[in-house]
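Asks: Structure in structure tokens, see below.
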Amino acid sequence: MDSRDVDEAVAEMVRVLAPHESADWRRPAGSLAWSCWETAAHVAHDLLAYAGQLAALPDSAYLPFDLVVRDDASPRDLLRTVTAAGRLLSTALAASDPSVRAWHWGPTDPSGFAALGVNETLVHTHDITEGLGIGWQPPASLCGAVLARLFPDVPAGDPVQALLWSTGRTDLPGLPRPTSWVSRAAVG
């Protein structure tokens, strides 16, 4: 996975959520304890954190910074912040040699950070759309790419349902819904 996948995921998030900027984003985001607003701010935070890791290349921990979105930020402001953080990650990915490694629970290559960013964007967009009552499913092609990179042992089948199952958001026939999961971004 690479910068183009991050760009596509962020553009899809903005496309599906921007028409609903006047909705109540303080409602719970799907089954999460966070509100839709908090969930969007979390996406921006994670995208920025992944960009920071690729820029600094720490080998044993996350950089000691956090993105704080002001409480008075509107949903439009949140989506702009997600777009900015996504572009920072995309730029860091495009500038990174595939051989570099930065820490995400082990040495992680740029494709791992791209997959992490796409995963966060897709699953949390799904959470927000559930909270706002919007019918939406993540793009199957991006879900399949995330599964191949981060969840290689997922059961075969529809990639959208498999990704949502892998992250505890839906059931799959005959399988209990995961209550915790670990993505495999580190490459060793």
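The values are calculated or read from the model by the stated rules, or taken from the named source; none is laboratory data. Keep in mind that this is a model prediction, so the values were computed, not measured. Using ideal geometry, Cβ is built from the backbone for each residue, glycine included, and neighbour counts are taken over all protein chains shown. To get the accessible areas, we keep the full protein, side chains included, count just its heavy atoms, and leave off ligands, DNA and RNA. Shrake-Rupley method; radii C 1.70, N 1.55, O 1.52, S 1.80 Å.
Asks: If you take the residues in segment 95-117 that are part of a helix (DSSP H, G or I) and more than 21 Å from Val14 (Cα to Cα), which one is nearest to the chain's Cα centre (by Cα)? First the steps, then the outcome.
Replies: Residues of segment 95-117 that are part of a helix (DSSP H, G or I), as a first pass: 95, 110-117.
From what's left, more than 21 Å from Val14 (Cα to Cα): 95, 110-112.
Values: Ala95: 20, Pro110: 15, Ser111: 14, Gly112: 12 Å.
Checked segment 95-117; the qualifying residue nearest to the chain's Cα centre (by Cα) is Gly112.
Asks: Of the conditions (1) assigned to a helix (DSSP H, G or I); (2) more than 29 Å from Trp165 (Cβ to Cβ), Arg15 clears all except one; give me its number.
Replies: (2)
Asks: Any idea how many residues of segment 152-182 are surrounded by fewer than 21 Cβ atoms within 10 Å (Cβ to Cβ) and closer than 23 Å to Ala102 by Cβ?
Replies: The total comes to 3.
Asks: Filter segment 51-78 for residues that are open to solvent by less than 60 Å² (accessible area, probe 1.4 Å), outside any helix (DSSP H, G or I) and either touching a residue at least 40 places away in the same chain (Cβ under 8 Å) or touching a Cys at 6+ places or on another chain (Cβ under 7 Å) (or both) and give the result.
Replies: Those that are open to solvent by less than 60 Å² (accessible area, probe 1.4 Å), outside any helix (DSSP H, G or I) and either touching a residue at least 40 places away in the same chain (Cβ under 8 Å) or touching a Cys at 6+ places or on another chain (Cβ under 7 Å) (or both): Pro58, Ala61, Ser74.
Asks: Consider segment 1-16. How many of its residues are farther than 16 Å from Ala51 by Cβ, open to solvent by 60 Å² or more (accessible area, probe 1.4 Å) and among the acidic types (Asp, Glu)?
Replies: Final tally of qualifying residues: 1.
Asks: Another one. Within segment 151-163, is there a residue that is touching a helix residue (DSSP H, G or I) at 6+ places or on another chain (Cβ under 8 Å), more than 22 Å from Ala18 (Cα to Cα), of a type in the set (Val, Ile, Thr) and free of Cβ contacts under 8 Å to residues at least 12 places away in the same chain?
Replies: No, there is no match, as no residue in segment 151-163 is touching a helix residue (DSSP H, G or I) at 6+ places or on another chain (Cβ under 8 Å), more than 22 Å from Ala18 (Cα to Cα), of a type in the set (Val, Ile, Thr) and free of Cβ contacts under 8 Å to residues at least 12 places away in the same chain.
Asks: Just to be sure I understand, how many residues within segment 155-179 are within 18 Å of the chain's Cα centre (by Cα) and aliphatic (A, V, I, L, M)?
Replies: Qualifying residue count for the region: 4.
Asks: While we're here: Can you tell me which residues in segment 1-32 are free of Cβ contacts under 8 Å to residues at least 12 places away in the same chain and among the aliphatic types (A, V, I, L, M)?
Replies: Ala11
Asks: May I pose another question? Restricting the search to segment 154-172, which residues are modelled with pLDDT of 90 or more and over 20 Å from Gly131 (Cβ atoms)?
Replies: Correct list: Val154, Gly157, Asp158, Pro159, Ala162, Ser166, Leu172.
Asks: Determine, yes or no, whether Glu120 is outside any loop (DSSP other than H, G, I, E, B), open to solvent by 10 Å² or more (accessible area, probe 1.4 Å) and touching a Gly at 6+ places or on another chain (Cβ under 9 Å). Reasoning before the result, please.
Replies: Numbers: outside any loop (DSSP other than H, G, I, E, B): yes; open to solvent by 10 Å² or more (accessible area, probe 1.4 Å): yes; touching a Gly at 6+ places or on another chain (Cβ under 9 Å): no.
Criteria not met by Glu120.
Asks: Of the numbered conditions (1) closer than 23 Å to Leu79 by Cα; (2) under 16 Å from the mean Cα position of the chain (by Cα), Gly135 satisfies every one except a single condition; which is it?
Replies: (2)
Asks: For segment 133-157, give me the residue count where each residue is within 19 Å of Asp5 (Cα to Cα) and part of a loop (DSSP other than H, G, I, E, B).
Replies: To start, the set of residues in segment 133-157 that are within 19 Å of Asp5 (Cα to Cα) comprises 136-152.
Checking which are part of a loop (DSSP other than H, G, I, E, B) leaves us with 136-139, 151-152.
Adding up the residues that qualify gives 6.
Asks: Taking the condition farther than 15 Å from His45 by Cβ, free of Cβ contacts under 8 Å to residues at least 24 places away in the same chain and open to solvent by less than 80 Å² (accessible area, probe 1.4 Å), does Ala114 pass?
Replies: On the way: farther than 15 Å from His45 by Cβ: yes; free of Cβ contacts under 8 Å to residues at least 24 places away in the same chain: no; open to solvent by less than 80 Å² (accessible area, probe 1.4 Å): yes.
No.
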